[in-house]
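A short worksheet on the structure shown next.
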Amino acid sequence: MLCQSCYIKHREDQQIKGEIPKLVRGELPPRPNRLWHRLVSELQQANYSFKGLSRPEDFDALGKQSSPKDYLGLIYADGDDMGRNLEGIPSLKEMRRFARAVDEGIYGAVKHAILGHLQPEPGANSLPFDVLLLGGDDLVIVTTAHTAVEVALTVMEQFPALTEEYCGQRLSLSVAVIWAHIKFPLGSLVELAESTLKFAKKERAKRRLTEGLLNFLVVSSPNHLDFGDYYKSTLKEEHLNETLYRTMRPYTMREMHRLVQAKRDLATASRGKLEQLRSALFKRRHQAMLEGLITLLRWRDVEQQQHIRQLMSDFAADQTELFPWIRRNSHTYHTPLLDLVELFDFIP
């Protein structure tokens, strides 16, 4: 038996989850007033100014404020292990406390992210974000492209801290971030985000982590409809007795912060050199090592060259001789460099 408040919370969570496929099919207007009114109220209490600003009428309004222009970021977050946590709660009082912690945690985390990273640009007449779904332990928010990764990381960081404050337990969220052109269909975008998040959650369970993971994808083709398919066809290659993974996705928060910092360290790097690194990763392992090392040695900016070396060292300190790969076991190799190049345009 659930107490009334917990029953309402459980029903809201199930309703939100049920609304996601409806949103995909275009059967649900993506602007439930109840969540928007509450969020606006909490932001106003925190001195966020809505003066002269409206909600984005369409994705074009977000694209105009984005860098790169005409792109957006969609963030889909969902709580980890919520069913298991609910099963372990011994009393109605604790259940009410848990329900309130999840509710306050998700709203508070979103509020922190908006206050920290989604302030309106001077001269803008619409907000740089729109919340499509928020409730239970689910979040779907669309933002300007260049703010998406910081918004996602802030939500991931704040949610555990806030739930610990409210119920003494550090709950976690896993997150998917999708970057796409504003004309990419919303339904396909949400479906892609769902599969990207699902991949992160499976990996989290496989690694037996207590924290959430962040997974991402930059949509460069209308054929990008499922992250798992993209992973198998593009990011993974098996040859003879070894497997190459041209990625290290999904990332922990610490790892993702490191990748973001690497991009900022390399902000002025030659796009031609970055493309050479990216291209090398689509060769067989030894050929990739040869071409990758030649590219690195011919990098004119010594400081940037060192930043790349340091990034690889931070992920695997004792494997510099395998550049651009990191060996996980005797037959499996990974790299963060394709992820770095893919993110490059979306991190200021």
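The values are calculated or read from the model by the stated rules, or taken from the named source; none is laboratory data. Since this is a predicted model, take the numbers as computed values, not measurements. Cβ coordinates were reconstructed from backbone atoms using ideal geometry, including for glycine residues, and neighbour counts include every protein chain displayed.
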Of the residues that sit in the stretch 314-329 and are surrounded by 14 or more Cβ atoms within 10 Å (Cβ to Cβ) and part of a helix (DSSP H, G or I), which one is farthest from the chain's Cα centre (by Cα)? 322
Going through 342, 291 one at a time, which residue ends up being under 16 Å from residue 267 (Cβ atoms), part of a helix (DSSP H, G or I) and in the same structural domain as residue 267 (by TED's automatic domain parsing)? 342
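Per-residue answers, yes or no, for (1) modelled with pLDDT of 95 or more; (2) aliphatic (A, V, I, L, M); (3) farther than 24 Å from residue 170 by Cβ:
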site	(1), (2), (3)
212	yes, no, no
237	yes, no, yes
241	no, no, yes
256	yes, yes, no
With the condition kept exactly as written, say whether any residue in the stretch 53-63 is surrounded by 14 or more Cβ atoms within 10 Å (Cβ to Cβ), outside any loop (DSSP other than H, G, I, E, B) and of a type in the set (Ser, Thr, Tyr). no
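Got a sec? Which of 81, 103, 70 is at pLDDT below 90, in contact with a strand residue (DSSP E or B) (Cβ under 9 Å, 6 or more places away or on another chain) and either assigned by TED's automatic domain parsing to the domain that holds residue 149 or β-branched (Val, Ile, Thr) (or both)? Write out each step before concluding.
Working: 81 fails: in contact with a strand residue (DSSP E or B) (Cβ under 9 Å, 6 or more places away or on another chain); 70 fails: at pLDDT below 90.
Criteria check complete, one pass: 103.
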How many of the residues in the stretch 156-170 are of a type in the set (Gly, Ala, Ser) and under 11 Å from residue 212 (Cα atoms)? 0
Given the structure, is residue 163 buried (at least 17 other Cβ atoms within 10 Å of the Cβ) and more than 25 Å from residue 146 (Cβ to Cβ)? yes
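Which one of 205, 267 is at pLDDT 95 or above, in the same structural domain as residue 85 (by TED's automatic domain parsing) and not in a strand (DSSP E or B)?
Testing whether each residue is at pLDDT 95 or above, in the same structural domain as residue 85 (by TED's automatic domain parsing) and not in a strand (DSSP E or B) leaves just 205.
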Looking at residue 280, is it surrounded by 14 or more Cβ atoms within 10 Å (Cβ to Cβ), among the small types (Gly, Ala, Ser), touching a helix residue (DSSP H, G or I) at 6+ places or on another chain (Cβ under 9 Å) and farther than 30 Å from residue 164 by Cα? yes
Can you tell me which residue within the stretch 220-260, out of those that are of a type in the set (D, E, K, R) and in a strand (DSSP E or B), is surrounded by the fewest Cβ atoms within 10 Å (Cβ to Cβ)? 238
Filter the stretch 131-146 for residues that are outside any strand (DSSP E or B) and either surrounded by fewer than 22 Cβ atoms within 10 Å (Cβ to Cβ) or of a type in the set (Asp, Glu) (or both) and give the result. 137, 146
Take residue 126 and tell me if it is assigned by TED's automatic domain parsing to the domain that holds residue 83, within 22 Å of residue 217 (Cβ to Cβ), surrounded by fewer than 23 Cβ atoms within 10 Å (Cβ to Cβ) and modelled with pLDDT of 90 or more. no
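Looking at the stretch 147-182 only, could you name the residues that are assigned to a loop (DSSP other than H, G, I, E, B), out of contact with any Asp or Glu (no Cβ under 8 Å at 6 or more places or on another chain) and either closer than 11 Å to residue 110 by Cα or not polar (S, T, N, Q) (or both)?
168
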So, residue 84, is that one without any contact (Cβ under 8 Å) to a residue 40 or more places away in the chain, in a helix (DSSP H, G or I) and farther than 23 Å from residue 147 by Cα or not? yes
What are the residues in the stretch 102-123 that are of a type in the set (Gly, Ala, Ser), in a helix (DSSP H, G or I) and surrounded by fewer than 22 Cβ atoms within 10 Å (Cβ to Cβ), if any? 108, 116
